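Accompanying notes for the structure given below.
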C-alpha cells in the first residue's frame, strides 16, 4: 500500500475484517485437512463488501478499479488462497454477463451477487477441459426456450452457486459459432432435470466446492440466452481476458504467503551457529524469490490496470499475465520449499503447516481458467501482430501511461472495447525500446541502464525469432518457448515502466532505494529469458553482488515486522509464531 | 529374487480389484496409512533380505541390484519405498560398515526375521547440520545415559531396533557424536517417550515418529564403532544411500510419465488427441530424456560404489542433480496433465500422489544444497590435478550389465577422492568423435565447459568451500554435477548398443541446456531427436515396458 494512492488503507481494512492471523492460519489448514469449505473467511469477505466489487457501478456495484480488486484478493489470498479461489469465482461467473448480457440479465446477476450468492461459470467438461470448441453439452431450441443436456465438470461453485453461466452447443459441433451462453437460475429449473455432481477430491484447494452439474432435459426460458445465439464462445473468450488477468492476484497472495513463511524460517533457523538468512546462498534464494514475486506483481498490476486503459490489448495482456504469474510463483514455491526442508511438507510443525497447503493450493492456478499451455498457444497465434507492432514501436501512449501509474485512479472500463485479437499488439512491450532509451538519458541507479539495454536486446532478438514462426494450428514447441520468453519480456518491461513512473513518489522506501527491487527483478528475469532463448546470461553488472544481501535483509525484516514485502505490497498482520514451530513440544 | 519377481507379485496396477494396485494404494494414502497388503507382499518377497549382506544371510551383494529392486517398489508406491525399504536400509548400512560381528549378526537376525531398524538421526532444530545435533549421551558406570529429542523418524514406533545418533562430547567439531545400535526392548519404558506422529503432505502413509529420552540408560556395548565416530559412520553409509535413493525414486517418475502417456492418448483436444499436439510430444520427450539421464547417472554412481569407492563426491552429485531433474520433470508433466494431474480421483489420481511424494523423497535424507556443500571442498584440487589430466575410468564402470565385485562396506571412504574418472570421459569423447557429428559437438561443448569450470574452481575463495559459499560457488558445484551426468550418459551409450542415439542427443541437449548458453543442436536436430524420443516412449508404453534404461517388460 502506498501512502498516496486513492483508497489507501483499504487493504489494511480488509486485513482487519479477516480477523486474527494466527486464528485464520490455524483454521484454514484444519479446514483443508478435513475438506471443509472455508465458510468463515468467505463470509468475512462478504461482510467486507467484496461481492459489490464484482458488480459494475452501472448495475449497483462498486466495481471501478481492477487494481484495487487485485490488491484485495491478494490480501485475502496471502492468508488462504482456497477461500479466495472459492469467493472470486463469482467474479468469473458474472463477467460474461456484463459483457454480453441484456439489462435484465445484468440486473438478475447483480442482485444475486450483491446478496452474496455464489455464481459459477460452467465451461469445462469431462475429457476435454481446455477445448471449448468441443463442448458436448447441448442446448436444443424448443418452442419456449432451450432444452439442456449434458455434464459440466469439474466446476468451481457448481453446487453452492445460485446461478450458473453455461456454455452449451446450439449449432454445429467444433464450430466457433456453434456455442451459446446461458444464464441459468438453478432455482427456476424443473426438479429432476438437473442435479449437482459430487464434490471432486483435489490435490489442493481441498475444502472448496469443485463439483459438477448434470442437465437432463432441463428447460431454460428463451431469455436465458446471453447475447445472440452462436456468440457464446466469443463472449467467453472476451470474459476470459478479464478473469485470466485477475487470477494472477491468487499467485501474488500465495507467493507472498510462502515468502513470508520461508523468510521467517531462515531468520529463526540457526545452522552452524549462524542464522540461515545471513548465509549468502539462502539469502540469494530469498532475494530471487522476492525478485520474481515482484516481477509477477508488476505484471499483474499493469495487466489489471490495462483492463481500463489498454482494453483492446487484453487478448495479449491476459494470456501473458495468466501464463507468467503462476509459473513464476510455482517456481518460487519450489525453491522456498527446499529452503524450508522438512517443514515444507510436515503438516503440523511449522506455523500450523501453512506451507504445504499453499504449495498444493497454488498449483491449481496454472490449471484453471486457461492453463499455461493454453495461454501460450493463444499468445503464439498473435505473434504476427506483435512482431509488426514491435517493429513499428506502436504504443498507445496515454493508455500505457495510465496502466503503469500504479496506485493512481483508473478510467472506467469500456467492455465494448474488448476484442478477440489485439490489433495494435502490446504497448507495454512495444514501448520498451523507447523506454530503454529514455532511461539511459537520465540519472539512474548503478547497473540499471545495462540491464535495461540487455532487456531491450533480448526483446529485439526475441521478436526476430517470433517472426520466423510459421502460423500453424498446432504450434511447435519452439513457439511455446518463445511465448514463455515473451511473457518474461513483458514482465521486464512492466517492471521498468512502473519503476520509471513511480520512482520519485516511492523514493523514500527501502525497496526502491538504488533501484533495488527493479534491478533484482530484471536480473532474475534476464536469467530466465536466457534459458528460453538459449543465449548466454548477461554478465553481472556493477553492484549486482550486493543485491542479494540487501534484498534478503529487507525481505526478512518485512516478514518479521509485517512491512510490505514487495514494492507495491501492503503491510501484513503479524503472527505470534514468528518463524517458530507451532507444534507443541 | 529380483525386480521381475517383485513386479509379478504386484501384478497389474490398473486392475481395480488388485489389493496392491493403484486404487488400493490411493485409498491407503488417503487414510495416511501404509498399504498393509503391500507390506505383506514385501514380507512374502523377503524384502529385508535385500538389505542384509550375503555374508550375514541376506542378498545384498550389489548396490545396483539393490536399487533395481527398490525402484520396482517406488514404481508402485513411494510410501512403501521409503517406509518399508529405505529406512531399514539406511539404518542397517551403518551397522554393516561400523558394527562388530555381533552387532551385524543381531541386525541381520532382526531384519531377516521381518523386523525394522529405524534411523534415529534427525532433530527438527538442526536438520542436515548433524554436527550440532543436541540429543546427548553422557558416560555412566556401565554405558551411557541419553537425554534429548529425535524427530521425524520414519517407522520409529514400529521399529524393533534403531541406529541412534547422539552427541557424546561437548567439544565442537566432527568427532563429538557417536552412533548406537539399540533394540527398543533394551530401553526402559519410563525413560523413553514416543512423540505423537508427525503428519505430512506427501508420503502420507509413512509414519514419522519421534522420541524423547530422559536420562535413559544405554548399554556400552550398543556403540557402533568408536566414540566420536558417529559422523564418519554416517557419511560412509550415506555414500550408499545417496546413490541408492535417487535410483529408487526414479520408479515414481517412470509411473508418472506412463500415466501422462496414457492420458494424452485418451484425452481429445482440438479435434485430435492431446498426443497429437507438438507441445505435448516435446514435453513428454524431454521428460523421457530426463528419466534416461537420471538412470544413466545413477547407474554409474552405483557401480562406482564398487569400482571407485574412494570417489566420495559422486554420491552427493548424483543425489543433487537427479533430485533436481526429477522435481523439474514432475513440474513439466504437471503442465501436460492439467486438471487430470490435480484430481484425487479418476483414472489419473495416482499422478497427484506421485507429485506430492516426489518432493519429500527428493529432499529428505539430505537437502540438495547440502549435497553441493559436500562437493565444493573437493573441486579445486580435482580441477587442478585430475580434470583433463586423468584418463577416463575403465569401461567396466559404464557397462551397466557387467559384473561387479561385491560391495565392500569397509572401502566406502570418507575424505578426499584421488581422481575423477568421469570427467576424463569428456575429453576422451571430444577427441574420439568427429567434430561435426552432434555427439562430437556435444563432447566439445562439455570439454570446453570443463576448462571454464577449472578456472572458476581455481578462483574459489576459501569461504566458498564451506556452507558460507557464494551463490556463484554453489552454481559451480551444480555445473560440475551436470558434467558428470553428461559423461555418464556418453559413456553408458558408448558401451550399450541397444540404446538409440536420438535418446542420447535428447539427454545431452537437456543437460547442456542446464549449463546455459548457445545450444549445440540446431532446432531441426532437436525436433527430430524429440520426435524419436516420443516415439520410443510411446512404443515402450504400448509394449508395457519400463521407460528406464532396462526397458524391462512389466505387467502393468
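Values in this text are rule-based calculations from the coordinates and carry no lab data. These numbers were taken from a predicted model, which means no experiment stands behind them. All Cβ positions, glycine included, derive from the backbone under ideal geometry; neighbour counts span all protein chains shown.
Largest first and in whole Å, what are the equivalent-ellipsoid semi-axes of segment A:20-90 based on the Cα gyration tensor, each being the root of 5 times an eigenvalue?
25, 12, 9
Cα centroids of segment A:250-315 and segment A:481-505: how far apart, whole angstrom?
15
What Kirkwood Rh does segment A:295-391 have if only Cα atoms enter the pairwise 1/r average? Answer in Å.
Evaluated on segment A:295-391, it is 15.2 Å.
Please compute the average number of Cβ atoms from other chains found within 10 Å of each residue's Cβ in peptide B:215-226.
Mean number of neighbouring Cβ atoms from other chains: 0.
Can you put A:306, A:124, A:115 in order, fewest other beta carbons within 10 Å first? Display every interim value, and only then the final one.
Details: A:306 31, A:124 25, A:115 10.
In increasing order of surrounding Cβ atoms, one gets A:115, A:124, A:306.
Compute the separation of the alpha-carbon centres of segment B:106-169 and segment A:349-414 and state it in Å as a whole number.
Segment B:106-169 and segment A:349-414 have Cα centres spaced 51 Å from each other.
For segment B:65-186, what Kirkwood radius comes out of the mean inverse Cα-Cα distance, in Å?
That comes to 15.4 Å for segment B:65-186.
With the Cα gyration tensor of segment A:130-255 giving a ≥ b ≥ c as the square roots of its eigenvalues, does the rule (a/c under 1.5 for rounded; else a/b larger than b/c for prolate; else oblate) give rounded, prolate or oblate?
Note, shape of segment A:130-255 comes out oblate.
So what is the orientation-averaged projected area of chain A, using the convex hull of its C-alpha atoms, in nm²?
Seen from a random direction, the Cα hull of chain A projects 24.8 nm² on average.
Can you sort B:214, A:419 from fewest to most other Cβ atoms within 10 Å of each residue's own Cβ? Kindly include the intermediate steps, with their values, before the conclusion.
Details: B:214 12, A:419 15.
Sorted ascending by nearby Cβ count, the order is B:214, A:419.
I'd like the orientation of helix A:21-33 relative to chain A: the angle between its Cα long axis and the longest Cα principal axis, in ° from 0 to 90, rounded to 10.
50
Compare the peptides A:361-374, A:164-177 by average per-residue count of other Cβ atoms within 10 angstrom and give them in order, highest first.
A:361-374, A:164-177
Based on the Cβ-Cβ distance from residue A:185 to residue A:411, what FRET efficiency comes out when R0 is 41 Å, to the nearest 0.05?
Here the calculated transfer efficiency is 0.80.
If you take the alpha carbon radius of gyration of chain B and divide it by 2.2 N^0.38 Å, what ratio comes out, to two decimals?
0.96
Please compute the contact order of segment B:356-430 in relative form: average sequence separation of alpha-carbon pairs under 8 Å and at least six residues apart, divided by the residue count, as a percent.
Numbers: 37 pairs, mean separation 32.4, N = 75.
RCO, segment B:356-430: 43 percent.
Testing the spin-label approximation: label points 7 Å from Cα along Cα→Cβ at residue A:144 and residue A:421. State their distance in nm.
Using points 7 Å along Cα→Cβ, the separation is 4.4 nm.
Taking neighbour Cβ counts within 10 Å as the exposure measure, how do B:319, A:186, A:152, B:385 sort from fewest upward?
Values: B:319 31, A:186 16, A:152 26, B:385 12.
Neighbour counts put them in this order, fewest first: B:385, A:186, A:152, B:319.
Please give the average number of partner chain Cβ atoms lying within 10 Å of the Cβ of each residue in A:471-477, rounded to a whole number.
Values: counts 0, 1, 3, 10, 3, 7, 13.
Taking all residues of A:471-477 together, the mean is 5.
Taking the alpha-carbon centroid of each part, what is the distance from segment B:482-556 to segment B:1-56 in angstrom?
Result: 30 Å between the Cα centres.
Normalise the Cα radius of gyration of segment B:66-122 by 2.2 N^0.38 Å (N = residues in it) and let me know the number.
1.18
For residue A:177 and residue A:270, FRET efficiency with R0 = 41 Å and r from the beta-carbon atoms, rounded to 0.05? Spell out each step's value before the answer.
Values: r = 65 Å, r/R0 = 1.58.
Taking R0 as 41 Å, the efficiency between residue A:270 and residue A:177 is 0.05.
Based on the alpha-carbon gyration tensor of segment B:390-438 and its eigenvalue square roots a ≥ b ≥ c, which shape applies: rounded if a/c is under 1.5, prolate if not and a/b is larger than b/c, or oblate?
oblate
Rounded to the nearest 10 degrees, what's the angle between the helix A:314-340 long axis and the longest principal axis of chain A, both from Cα atoms, 0 to 90?
Roughly 60 degrees between the two axes.
So what are the protein assembly as shown's ellipsoid semi-axes, whole angstrom, largest first, if each one is the square root of 5 times an eigenvalue of the alpha-carbon gyration tensor?
48, 33, 31
If r is the Cβ-Cβ distance from residue A:578 to residue B:134 and R0 is 22 Å, what FRET efficiency results, to the nearest 0.05?
Rounded to the nearest 0.05, the efficiency is 0.55.
Need one word for segment A:356-444: rounded, prolate or oblate. Basis is the Cα gyration tensor (sqrt eigenvalues a ≥ b ≥ c); a/c below 1.5 gives rounded, then a/b vs b/c decides.
Prolate is the answer for segment A:356-444, as a/c is 1.5 or above and a/b outweighs b/c.
What do you get for the angle between helix B:423-432 and the principal long axis of chain B? Use alpha-carbon atoms, 0 to 90 degrees, nearest ten.
Around 20 degrees separate the two axes.
Which whole number gives the average, over all residues in A:365-378, of C-beta atoms from other chains lying within 10 Å of the residue C-beta?
Going residue by residue through A:365-378 and averaging, the value is 3.
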